[in-house]
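Colleague: The following block contains the structure, expressed as structure tokens.
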Amino acid sequence: MEKNGSIVPAEFPELKNETFLRAAQGEQTEYTPVWCMRQAGRYLPEFRETRAAQDFFATCRSPEMCCELTLQPLWRFPLDAAIIFSDILVVPQALGMEVVMVPGKGPTFPEPLKEVEDLLKLQQKVDVAAELGYVFQAITLTRHKLEGKVPLIGFSGAPWTLMSYMIEGGGSNTMAKAKAWLYRHPEASHRLLTLLTDVIVDYLVGQVAAGAQGGTEEGRGLKVAPMLQALQLFESHAGHLGPEQFAEFALPSIRSIAKRVKNKLLEDALPAVPMIIFAKDAHYALEDLAQSGYEVVGLDWTICPQDARQRTGKDITLQGNLDPCALYAPKEKIGELVKKMLEGFGSQRYIANLGHGLYPDICPEHVGAFVDAVHIHSRHLNKCS
Ligand code: CP3
């Protein structure tokens, strides 16, 4: 694995648990696979301990730390997938913007985009391997250290969500500054979205190359590891857009990313990987999302499972959508809620998850109760059907 002191994608251990990939690809599964958004996070005491010593983005730049944090939840819970520890805001950094994590406030851009002219300050052509190679190294290392236990998911923020951070400079209740761009500068907004789309395509393909390609540098293209990973695109700020703005400023990039990533993987003789689109609060666009070129549609908790199934059809895998706050409930209640969710979605073509990320004050034991309940109730449902 170590070659000339660097981490290279050599032959990866064989995958032992394919349940998540099978469900994502629409195949039958013995039970419903489960993972949690933000499963590597501050709700784990060991995460807080590892993270305490270092700045957040310095942690993101350390492949060893990212690997360790990615694996932590898997030592505790029988999760069916791992998601690489990183952040969506590494992409604006690659475009030349400064982003700092301010404790108690969250990610902050000291110099957000204010005027259309500020777009010229961004890198117009990003060498993704040079700027984000540390993420690829983290993926390669984690693929080895996972020992084939479960598949590894890579991810990126979607263009509108990243654009909104770059203009707002951080979190916002209204996204008024970013939305003002859409109304006042539609042409410049499209230029920025296109720039982001181009970088995201290279970034996602690079993640698959890092994680999914077998063989060493010399063997590139000759040998493909049988163990695939998956990719999730986070459109976390979809809910700030109405149906028309979503159709104009978010959906075209979402579609284009799926199409271009798939074409590029094929061209580069890399394995196809299932792709997940999670557009939070975009219920108005559910039918469009199901047709946007992704194998899996992730759902937040504001959508009822039966409605989601009816509106998306049989040819798509759904993922979600328990309210993260449901994990504050007593463990027996969590079991009941999971049972109801499974009955709503059905145990097949379904990946259980939360409707958004875990919160820092959620009790780890309750996360375990959620994971166990999915496995127990889905096996039972399968037996009865
Ligand atoms: O376990 C995983 O899900 C993988 C790691 C992951 C992180 N961020 C680690 C992280 C993933 C997939 C993300 C994606 C991300 N980052 C999103 C999309 C998902 C979503 O939540 O909608 C967004 C919007 C961000 C931007 C961001 N990064 C926010 C809003 C915050 C929270 C700030 C805070 O203080 O809570 C972060 C920081 C962050 N990213 C943390 C983690 C574990 C917590 C900060 C820390 O460890 O100090």
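Colleague: Please figure out what share of the DSSP beta bridges in the chain is antiparallel and state it in percent, rounded to the nearest 5.
Modeller: In the chain, DSSP labels about 20 percent of beta bridges as antiparallel.
Colleague: So, one more: Mind putting a number on the dipole of region 235-385 about its Cα centre? Charges go on the C-beta only, +1 for Lys and Arg and -1 for Asp and Glu, and I need it in Debye to the nearest 20.
Modeller: Numbers: 16 positive and 19 negative charges, 105 e Å.
Charge dipole of region 235-385: 500 debye, to the nearest 20.
Colleague: May I ask you to list the lysines whose Cα is less than 23 Å away from that of residue 114, ignoring any residue fewer than eight positions away on the same chain?
Modeller: The reachable lysines, counting only those whose Cα sits under 23 Å from residue 114, are 105, 125, 177, 179.
Colleague: About the Cα centre, and with charges only on the beta carbon of Lys, Arg (+1) and Asp, Glu (-1), how big is the dipole of region 300-356? Nearest 20 debye, please.
Modeller: So the dipole magnitude of region 300-356 works out to roughly 140 debye.
Colleague: What percent does the relative contact order of the chain come to when contacts are Cα pairs within less than 8 Å and at least six residues apart? Present the calculation step by step, with values, prior to reporting the outcome.
Modeller: Numbers: 714 pairs, mean separation 86.2, N = 385.
Across the chain, relative contact order equals 22 percent.
Colleague: Note down the magnitude of the dipole of the chain about its Cα centre, charges +1 on Lys and Arg C-beta and -1 on Asp and Glu C-beta and zero elsewhere, to the nearest 20 debye.
Modeller: 500 debye
Colleague: Projected area of region 291-364, taken from the Cα convex hull and averaged over every viewing direction, in nm²?
Modeller: Computed as one quarter of the Cα hull surface, the answer is 5.2 nm².
Colleague: Could you tell me which of 377, 207, 148 has its Cα farthest along the dipole of the chain towards the positive end, charges placed at Cβ (Lys, Arg +1; Asp, Glu -1), taken about the Cα centre?
Modeller: The one lying farthest along the dipole's positive direction is 377.
Colleague: Another question, then. Can you find, among 253, 363, 113, the residue sitting farthest towards the positive end of the charge dipole of the chain, where Lys and Arg contribute +1 and Asp and Glu -1 at Cβ?
Modeller: Farthest along the dipole direction, towards plus: 363.
Colleague: Something else now. Return 100, 135 ranked ascending by Cβ neighbour count within 10 Å, so the fewest neighbours appear first.
Modeller: Listing 100, 135 from fewest to most nearby Cβ atoms yields 100, 135.
Colleague: So which DSSP H runs in the chain come out at 20 Å plus along the axis (Cα) with average Kyte-Doolittle of at least -1.0?
Modeller: Helices meeting the criterion: 63-76, 128-145, 186-212, 251-267, 331-345, 364-384.
Colleague: With the contact rule set at Cα under 8 Å and sequence spacing of 6 or more, what percent relative contact order holds for region 1-131?
Modeller: It comes to 17 percent, rounded to a whole number.
Colleague: Any idea what diffusion coefficient region 232-385 gets from Stokes-Einstein, in µm²/s, Kirkwood Rh on alpha carbon pairs, 4 °C, 1.567 mPa s?
Modeller: On the way: Rh = 16.5 Å.
So the translational diffusion coefficient is about 79 µm²/s.
Colleague: Same structure again: Could you list 339, 16, 179 so that the one with the fewest beta carbons within 10 Å of its beta carbon is first and the one with the most is last?
Modeller: Working: 339 17, 16 11, 179 21.
Least crowded to most crowded, the residues run 16, 339, 179.
Colleague: Give the peptides 264-276, 51-63 in descending order of average Cβ contacts within 10 Å, highest first.
Modeller: 264-276, 51-63
Colleague: Pull out a ≥ b ≥ c, the square roots of the eigenvalues of the alpha-carbon gyration tensor of region 101-203, then state rounded if a/c is under 1.5, prolate if not and a/b is larger than b/c, and oblate in the remaining case.
Modeller: Note, shape of region 101-203 comes out prolate.
Colleague: Could you pull out every one of the lysines with an alpha carbon less than 30 Å from that of residue 145, ignoring same-chain neighbours closer than 8 positions?
Modeller: 3, 16, 223, 262, 264
Colleague: Per DSSP helix of 4 or more residues, -39500 (n - 2.57); summed, then divided by the residues of the chain. What does that give at 222 nm, rounded to the nearest 500?
Modeller: Values: 15 runs with 175 residues, N = 385.
Calculated at 222 nm, the ellipticity per residue is -14000 deg cm²/dmol.
Colleague: Right, next: Would you kindly derive the ³J(HN,Hα) couplings of region 121-127 from the backbone phi angles with the Karplus curve 6.51 cos²θ - 1.76 cosθ + 1.60 (θ = phi - 60°), listing them in order in whole Hz, with x for Gly and Pro?
Modeller: The phi angles translate into 6, 6, 4, 8, 9, 9, 7 Hz.
Colleague: How would 341, 175 line up from fewest to most surrounding beta-carbon atoms within 10 angstrom?
Modeller: By the 10 Å Cβ count, ascending: 175, 341.
Colleague: Applying a 10 Å radius around every beta-carbon, put 196-207, 115-126 in order of their mean neighbour count, most first.
Modeller: Numbers: 196-207: 22.7, 115-126: 12.8.
The most tightly packed comes first, giving 196-207, 115-126.
Each reported figure results from applying straightforward, stated rules to the coordinates on display, with no laboratory input. All of these numbers come straight from a predicted model, not from anything done at the bench. So basically every Cβ, Gly included, is an ideal-geometry build from the backbone, and we count neighbours across all protein chains shown.
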